[in-house]
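Visitor: The structure that follows is given in the form of structure tokens.
Read the figures in this text as sums done on the coordinates, not as results from a lab. Computed from a predicted structure; not experimentally measured. Here the Cβ is made from the backbone with ideal geometry for all residues, glycine too, and neighbour counts use every protein chain on show.
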Amino acid sequence: MLYTLVELNRAAMAPMRLAAKTARLAVQSPLSPMSDTDFGKTLVAMTNVFESATRYYGKPDWQIEQTKVNSVPVPITPVSAWRSPWCSLVHFKRDAEAMAFARGETAPPQPKLVIVAPLSGHYATLLRGTVEAFLPTHEVYITDWSDARMAPIWLGRFDLDDYIDTIRDIFAALGPGANALAVCQPGPPTLAAISMMAEDNDPNRPATMTFMGSPIDCRRSPTVPNLLAEERSFEWFEQNMIYTVPAPWPGMGRRVYPGFVQLSSFMNMNWERHVDAHWRFFNHLVEGDGDGIEKHRTFYDEYLAVLDLSEEFYLQTILKVFQEHHLARGMFRHRGRLVQPSAITDVALMTVEGEKDDISGIGQTQAAHDLCVNIPEDMRIDYIQPGVGHYGVFNGSRFKSEIVPRVNEFIARFGDESRQGSARRQAPKLRRVV
């Protein structure tokens, strides 16, 4: 019922948005005597804020047209390198001629980096800054997960086991030597997929794996979302967080965890900050501050664009990751098979956490080191980034200047050598860098 009410409200607001747009165009017209008055500017600002707060935000474009390699502009073309009904692997293909000019005709290929994006309410484009930061040094791919409300019911289920299978299929499609980088939610399923690949001696297992702000073990430094997941029963989530997709969406009849519910939760955690941001946006509009206006719109056009999760994926994640901590307790099973991170011996491991992370507290990602006990200590790096929260772990100025160089160095060191063995196994113990 809630989902239907939200859609009805959106439809009911459409005439009001049209009226607001008409008023704005009338006031901004050169023929309007109010166009340069304080009243006119205030009215225009009000209509802009109203439109921004009430409109529907669809899936954003990647908007990545080029990168720079050795100061040489290199055109970028996002293409689908692999696809399933529930995921598209986007390859940010760099122009071959420009790359040859920038790096030299005989330069060796750069390593493949698979960014496993979260399936937790936002589109993969939220990691646009993450992609851009690694494009000069890597052949970058990213998982672009499908919106459950767009998936016709005849496509069937998509659960946590399917998610893990998808990750494994992607590495199989790319072949040996790729590198995995999981941001936030994908940490546990990515570690599970790589664990099984290692146990099977799968030649397509990645050379390195990096986990950033991931809930590997939510019992450590629990945050508000972690505590909420434990305070509420599984039945509460099942009864209060799951709704049926209404018409006219293609997924009509599918049971989902709606993106707008997740968004409401995130915004309520920092409600005053969002109110202040929209007040500043209003003032920027009145003052004609183009930079402030563009910065606000760029962030919220991305932040307010959300997708739905299938019922089975969401509920299994709540139960196995956030309530019963299956992976951390050594009881995680994939289609009945016990997942054993201890089977990983030759995939280098790096964990990255933010000092002020209020989503995945310090220690939750580090837990991967305690699970992967048979990775040689010299092939493991743990880094805590001072002064950043959850978003700063994978985006922003400190991410680009301090985290990215460390990840690049890690992949450069272990990406080609991690299976060659002995020399590094006698190096120093696990490094914890703060």
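Visitor: Using modelled amide H (1.01 Å from N, peptide plane; none on Pro or chain starts), what sits under 5 Å from the amide H of ASP308, excluding residues fewer than 5 places away?
Guide: Under 5 Å from the amide H of ASP308 lie the amide H atoms of ALA148, ARG149, GLY259, each far enough along the sequence or on another chain.
Visitor: Arranged by the count of other C-beta atoms within 10 angstrom, fewest first, what order do PHE399, PHE260 take?
Guide: Values: PHE399 22, PHE260 16.
Least to most surrounded, the residues fall as PHE260, PHE399.
Visitor: Hey, quick one: spin label on ARG337, modelled 7 Å out along Cα-Cβ, who in the range 194-209 has an amide N within reach, i.e. under 16 Å?
Guide: 194-206
Visitor: So for each of 201-208, 354-361 I average, over its residues, the number of other beta carbons within 10 Å; can you give me the resulting order with the highest mean first?
Guide: Numbers: 201-208: 19.1, 354-361: 20.6.
Sorting 201-208, 354-361 by mean packing, highest first, produces 354-361, 201-208.
Visitor: Now for a separate question. Where does each of PHE134, PHE211 land when they are ranked from fewest to most other beta-carbon atoms within 10 angstrom?
Guide: PHE134, PHE211
Visitor: Could you line up MET212, MET16, MET379, MET46 from fewest to most neighbouring Cβ atoms inside 10 Å?
Guide: Numbers: MET212 27, MET16 12, MET379 24, MET46 16.
Final ranking by Cβ density, sparse to dense: MET16, MET46, MET379, MET212.
Visitor: Between LEU228 and ASP276, take the C-beta separation as r, use R0 = 30 Å, and let me know the FRET efficiency to the nearest 0.05.
Guide: For LEU228 and ASP276, the calculated efficiency is 0.80.
Visitor: Contact order normalised by length for the chain, with contacts defined as Cα pairs under 8 Å and 6 or more residues apart; what percent is it?
Guide: 18
Visitor: Hey, another quick one. Give LYS68/LYS356; LYS112/LYS320; LYS112/LYS356; LYS59/LYS93 a once-over and call out the pairs whose C-alpha atoms are over 24 Å from each other.
Guide: From LYS68/LYS356; LYS112/LYS320; LYS112/LYS356; LYS59/LYS93, over 24 Å: LYS68/LYS356; LYS112/LYS320; LYS112/LYS356.
Visitor: Considering only DSSP beta bridges where both residues belong to the chain, give the percentage that are antiparallel (nearest 5).
Guide: 45
Visitor: Another question about this same structure. Express in nm, to one decimal, how much length is gained between TRP154 and ARG17 on full extension, taking 0.36 nm for each residue of separation and deducting their alpha carbon distance.
Guide: So the chain would gain 45.8 nm between TRP154 and ARG17.
Visitor: For the ranges 242-255, 164-177, what's the packing order if you count other beta-carbon atoms within 10 Å of each residue, average per peptide, and put the highest first?
Guide: Ranked from most to least packed, the peptides come out as 164-177, 242-255.
Visitor: Here's a follow-up. Among THR22, THR137, THR125, which one shows the highest mean-square fluctuation when the chain is modelled as a Gaussian network with alpha-carbon springs under 10 Å?
Guide: THR22
Visitor: Taking the Cα-to-Cβ direction at ARG10 and at LYS400 and moving 7 Å from each Cα, how far apart do the two end points lie in nm?
Guide: Going from the ARG10 label point to the LYS400 one covers 3.3 nm.
Visitor: Calculated FRET efficiency, GLU377 and GLN63, Cβ-Cβ r, R0 56 Å, to nearest 0.05?
Guide: Working from the Cβ atoms, E equals 0.85.
Visitor: Under unit Cβ charges (Lys, Arg +1; Asp, Glu -1), what dipole magnitude, rounded to 20 debye, does the chain have relative to its Cα centre? Let's see the in-between values first.
Guide: Numbers: 44 positive and 51 negative charges, 42 e Å.
Using Cβ point charges on Lys, Arg, Asp and Glu, the chain gives about 200 debye.
Visitor: Okay, next question. What are the residues whose amide H is under 5 Å from the amide H of ALA117, where those residues sit 5 or more places off or on another chain and H is modelled from the backbone?
Guide: The list, which skips near neighbours in sequence, is THR143.
Visitor: Could you compute the FRET efficiency for GLU97 and MET34, with r as their C-beta to C-beta distance and R0 at 35 Å, rounded to 0.05? Walk me through the intermediate numbers first.
Guide: Details: r = 54 Å, r/R0 = 1.53.
In this case the efficiency is close to 0.05.
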